[in-house]
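> Below you will find the structure I want to go over with you.
The values are calculated or read from the model by the stated rules, or taken from the named source; none is laboratory data. Predicted model, so just to flag it, every value in this text is computed and none were measured. Using ideal geometry, Cβ is built from the backbone for each residue, glycine included, and neighbour counts are taken over all protein chains shown. Accessible surface is based on the protein model in full, side chains and every heavy atom, while ligands, DNA and RNA are left aside. Shrake-Rupley method; radii C 1.70, N 1.55, O 1.52, S 1.80 Å.
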Amino acid sequence: MSENRGLLEHISPALLGYLLSFLPQHDPLAESVPGGLLTPELIERLRGDGFCGYALAHFSGEERGWLAFYRGRLLEAWRQTTYGHLSGTVAYRALQRELAQGTLSLYRLRPDDLPPVVALTQGALRITAMAASNVVLADLLESFGQEQFTGALVLEDGLAGRAWFFARGQRLFGGELPEQFREGRLHLVQAPSKAPPDLLEQARQEDLEQRSIRLKVVWNAAQEVLREYMGRGAPLALERLQKIHTTDDPTALEKTLRRWMAESLEPNAATLFDRLLRPTL
């Protein structure tokens, strides 16, 4: 995850969700379909096709979710919640669990469109909560051209707002800019200088790490049970069990070892095994 968090801590989740609903929607792959259609298989297909664009999910109570893809890589996931928001792999997992409860729209974008959009949640903050009436817009836009600015300019006005997106100093989308801002507060975020990590790969790595940790917990619990019931024979018995049961699925391993303990030792051994595992369940 990028060290920069864009506007995540500076505007409300409701406003960010509102701004996302105004991203370009002129090239849809799907609109307002059941969210459960975004299966792992479809995500893999998007990866293989080098998809550039975003998925926008709608849930009850005006809550939204968002996934941003760049050439098949998942750059960002965001989930609005009742009391705040989630981002990164946590948001991606939440969307995987909850998309069946909402609707989903999927839109293509050009590759150059993605960096300024991702700036909303992973960009470097340049201006925050500045009185919009104090900003000379012509001067600001001139500076964008001089520095080849890529990012987003956001006007916050209560629960509503507008966003304009720029790439290399040129406005991409967001509608026409006014001659001068009269009300509200301005935020300016610059796109990440390098591509954020692929959240799909990050999530897979996290899954592998959690599985490895869980397997160690299961085998440690089995070792304690064997020590209790087999004494000095425990190390050899543990070695034999590990040679026989080579699965990398912690849940399957728990079931197999529990059954073996109940049948080969005694039912109380399986009870002790469960008691040792319970703090981590």
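> Tell me, what is the 1.4 Å probe accessible area of GLU9, in Å² to the nearest 10?
110 Å²
> Go through TRP164, TRP219 and list them by solvent-accessible area, largest first, probe radius 1.4 Å.
TRP219, TRP164
> Could you run the Karplus curve 6.51 cos²θ - 1.76 cosθ + 1.60 with θ = phi - 60° over segment 226-239 and give me ³J(HN,Hα) per residue in whole Hz, x for Gly and Pro?
5, 4, 5, 9, 10, x, 5, x, 4, x, 5, 5, 5, 4
> Calculate the dipole size of segment 44-132 relative to its Cα centre from +1 charges on Lys and Arg beta carbons and -1 charges on Asp and Glu beta carbons; express the result in debye to the nearest 20. Could you put the intermediate results ahead of the total?
Details: 11 positive and 8 negative charges, 43 e Å.
That gives segment 44-132 a dipole magnitude of about 200 debye.
> Between GLU179 and ASP249, what's the calculated FRET efficiency when r is the beta-carbon distance and R0 is 51 Å? Round to 0.05.
On the way: r = 63 Å, r/R0 = 1.23.
Step by step, r from the Cβ atoms, then E = 0.20.
> If you don't mind, there's one more thing I want to ask. With a 1.4 Å probe and every protein chain left in place, tell me how much accessible area ARG171 has, in Å² to the nearest 10.
Number for this one is 90 Å².
> Roughly how many whole Å is it from the C-alpha centroid of segment 153-207 to that of segment 224-244?
58 Å
> In debye to the nearest 20, how big a dipole does the chain give about its Cα centre with +1 on each Lys and Arg Cβ and -1 on each Asp and Glu Cβ? Numbers along the way, then the final one.
Details: 31 positive and 35 negative charges, 177 e Å.
Dipole magnitude for the chain comes out near 840 debye.
> Once amide H atoms are placed 1.01 Å from N in the peptide plane, what residues at a sequence separation of 5 or more from PHE149, or on another chain, have their amide H within under 5 Å of its amide H?
Amide H neighbours of PHE149, under 5 Å, 5+ apart: GLY169.
> Still on this structure, please answer the following. Towards the positive end of the charge dipole of the chain, with charges on Cβ (+1 Lys, Arg; -1 Asp, Glu), say which of LEU106, HIS10, TRP260 has the farthest Cα.
Sorting the options by dipole projection puts first TRP260.
> Going from the alpha-carbon gyration tensor of segment 101-225, what semi-axes, largest first and in whole Å, does one get by taking the root of 5 times each eigenvalue? Write out the running numbers ahead of the final one.
On the way: eigenvalues 369, 53, 45 Å².
Whole-Å semi-axes of the equivalent ellipsoid: 43, 16, 15.
> Moving to a separate point now. Using +1 at the C-beta of Lys and Arg and -1 at the C-beta of Asp and Glu, which of ALA119, ALA203, TRP78 has the Cα lying farthest in the positive direction of the dipole of the chain?
My answer, from the dipole projection, is ALA203.
> On to the next question. Lysines within cross-link reach of LYS243: Cα-Cα under 21 Å, excluding same-chain residues under 8 positions apart?
Partners found: LYS216, LYS255.
> On to the next question. Which value, in Å², gives the accessible area per residue of the chain when a 1.4 Å probe is used on the protein heavy atoms?
The answer is 53 Å² per residue.
> Taking all protein chains in place and a 1.4 Å probe, what share, in percent, of the accessible surface of the chain do carbon and sulfur account for?
On the way: 7310 of 14880 Å².
Carbon plus sulfur share of accessible area: 49 percent.
> Roughly how big is segment 73-226's charge dipole about its Cα centre, with Cβ charges of +1 (Lys, Arg) and -1 (Asp, Glu), in debye to the nearest 20?
On the way: 17 positive and 18 negative charges, 92 e Å.
Dipole size: approximately 440 debye.
> OK, next. For LEU172, list long-range residues whose amide hydrogen, built 1.01 Å from N in the peptide plane, is under 5 Å from its own amide hydrogen.
The list, which skips near neighbours in sequence, is PHE165, PHE166, ALA167.
> Here's another thing I want to ask about it. Using θ = phi - 60° and the Karplus form 6.51 cos²θ - 1.76 cosθ + 1.60, what ³J(HN,Hα) does each residue of segment 128-145 get, whole Hz, x for Gly and Pro?
These are the phi-based 3J(HN,Hα) values: 9, 6, 7, 4, 4, 5, 8, 9, 8, 4, 4, 5, 5, 5, 5, 5, 4, x Hz.
> Can you give the accessible area of GLU209, probe radius 1.4 Å, in Å² rounded to 10?
Taking all protein chains as shown, GLU209 has close to 90 Å².
> Using only the heavy atoms of the protein chains and a 1.4 Å probe, how would TYR70, TYR83 rank by accessible area, largest first? All intermediate terms of the calculation are to be shown ahead of the outcome.
Values: TYR70 60, TYR83 215 Å².
My answer, sorted largest first, is TYR83, TYR70.
> What are the ³J(HN,Hα) couplings of segment 264-272, residue after residue, when phi is run through the Karplus curve with 6.51, -1.76, 1.60 and θ = phi - 60°? Round to Hz, x for glycine and proline.
The phi angles translate into 9, 10, 6, x, 5, 5, 5, 5, 4 Hz.
> I would also like to ask the following. Taking only the alpha-carbon atoms of the chain, what semi-axes of the equivalent ellipsoid follow from 5 times the gyration tensor eigenvalues under a square root, in whole Å, largest first?
On the way: eigenvalues 514, 68, 58 Å².
Semi-axes (√(5λ), whole Å): 51, 18, 17.
> I've got another one for you. Tell me, what is the percent relative contact order of the chain, built from C-alpha pairs under 8 Å that lie six or more residues apart? Provide the component values of the computation, followed by the final result.
Details: 482 pairs, mean separation 50.6, N = 281.
Averaging sequence separation for qualifying contacts and normalising by length gives 18 percent for the chain.
> Which far-off residues, 5 or more places away or on another chain, put their amide H under 5 Å from the one on PHE181, with H placed in the peptide plane?
LEU137
> Could you give the spread of the C-alpha atoms of segment 241-281 along their three principal axes, from largest to smallest, in whole angstroms?
Here the Cα extents, ordered largest to smallest, are 25, 24, 12 Å.
> At a 1.4 Å probe radius, which order do LYS255, LYS194 fall into by accessible area, largest first? Kindly include the intermediate steps, with their values, before the conclusion.
On the way: LYS255 125, LYS194 160 Å².
The ordering from most to least exposed comes out as LYS194, LYS255.
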